[in-house]
1. Might you work out the accessible area of Arg90 for me, using a 1.4 Å probe with all protein chains in place, and round it to the nearest 10 Å²?
2. A 25 angstrom limit on the alpha carbon distance is what I want to check against. Which of Lys41/Lys127; Lys99/Lys166; Lys85/Lys137; Lys127/Lys166; Lys41/Lys85; Lys85/Lys142 exceed it?
3. Where does each of Ile133, Ile144 land when they are ordered by accessible area, with a 1.4 Å probe and the largest first?
4. Per-residue HN-Hα couplings for segment 169-181, Karplus 6.51 cos²θ - 1.76 cosθ + 1.60 at θ = phi - 60°, whole Hz, x for Gly and Pro?
5. Using a 1.4 Å probe, how large is the accessible area of Leu175, given in Å² and rounded to the nearest 10?
6. Residue by residue through segment 140-156, what is 3J(HN,Hα) from phi via Karplus (6.51 cos²θ - 1.76 cosθ + 1.60, θ = phi - 60°)? Round to whole Hz and write x for glycine and proline.
7. Say a paramagnetic label sat at a point 7 Å from the Cα of Trp152, along Cα to Cβ; which residues of segment 93-109 have their backbone N under 16 Å from it?
8. Taking all protein chains together and a probe of 1.4 Å, list Trp57, Trp79, Trp48, Trp168 from the most accessible to the least accessible.
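The values are calculated or read from the model by the stated rules, or taken from the named source; none is laboratory data. Being a predicted model, the structure only gives us computed values, none of them experimental. Here the Cβ is made from the backbone with ideal geometry for all residues, glycine too, and neighbour counts use every protein chain on show. Surface areas here come from the heavy atoms of the whole protein model, side chains and all, with no ligands, DNA or RNA. Shrake-Rupley method; radii C 1.70, N 1.55, O 1.52, S 1.80 Å.
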Amino acid sequence: MKALRPTSILASALALAGLGLAGSANAQTAEPATASEAAVKPSALSGWMFGYAPFDWHFSDAKKENAWEPDEQKHAYVWLIQAEKELDERHVAGFAYFKNSFGQPSQYAYYGWRFRPFDSMPGLFFKVTGGVIHGYKFPYNKKIPFNNKHGWGLTAIPAVGYDFNKNWGGQINVLGNAGVMFQLNYTVR
């Protein structure tokens, strides 16, 4: 099976989102809505954030920690695509698909909390998510805590971010003591 490039996955996800938006635009009734009615009705995707993390930075090299791990292991290129729903002002839930540091396709389904602690900086936020992670399989299953040899585990990921405007933002995800991931976000309003 041919490996997908991160850019082709992102392009496919954006195309599907565009088709969904086009389909909802065609499904409108024949009666024209007034400007105030259109402003009140949010989009079907309103409150969804779509994220793309094109790279990360590891604090150290991938070192062999156990005799059964491969020799000369190196970190693979890491990328992530994500869909997250804002449940209310503080609560979020989402799903991320990514390629982990060892080249394994991985998934993360989570629930979390987002905080905006400073009124003087409304764009700044802190976020903590926790959930089920899958993909760190043998021989790399012990590289993250609370993980089994089949690649199923539990994890928590803190992040700090900033919303540049009502739609675009960025965040830095802290990946334990392994590294950080840089992410660009688009939120549908």
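1. 120 Å²
2. Numbers: Lys41/Lys127 28 Å; Lys99/Lys166 29 Å; Lys85/Lys137 28 Å; Lys127/Lys166 18 Å; Lys41/Lys85 18 Å; Lys85/Lys142 30 Å.
Beyond 25 Å: Lys41/Lys127; Lys99/Lys166; Lys85/Lys137; Lys85/Lys142.
3. Working: Ile133 10, Ile144 35 Å².
Descending accessible area places them as Ile144, Ile133.
4. Result, rounded to whole Hz: x, x, 8, 10, 8, 8, 9, x, 9, 8, x, 10, 10.
5. We get 60 Å² for Leu175.
6. 3J(HN,Hα) across segment 140-156, in whole Hz: 9, 5, 8, 6, 10, x, 6, 10, 9, 5, 8, x, 9, x, 10, 8, 9.
7. Counting backbone N atoms under 16 Å from the label point, the list is 107-109.
8. Working: Trp57 145, Trp79 15, Trp48 80, Trp168 110 Å².
Sorted descending by solvent-accessible area, the residues read Trp57, Trp168, Trp48, Trp79.
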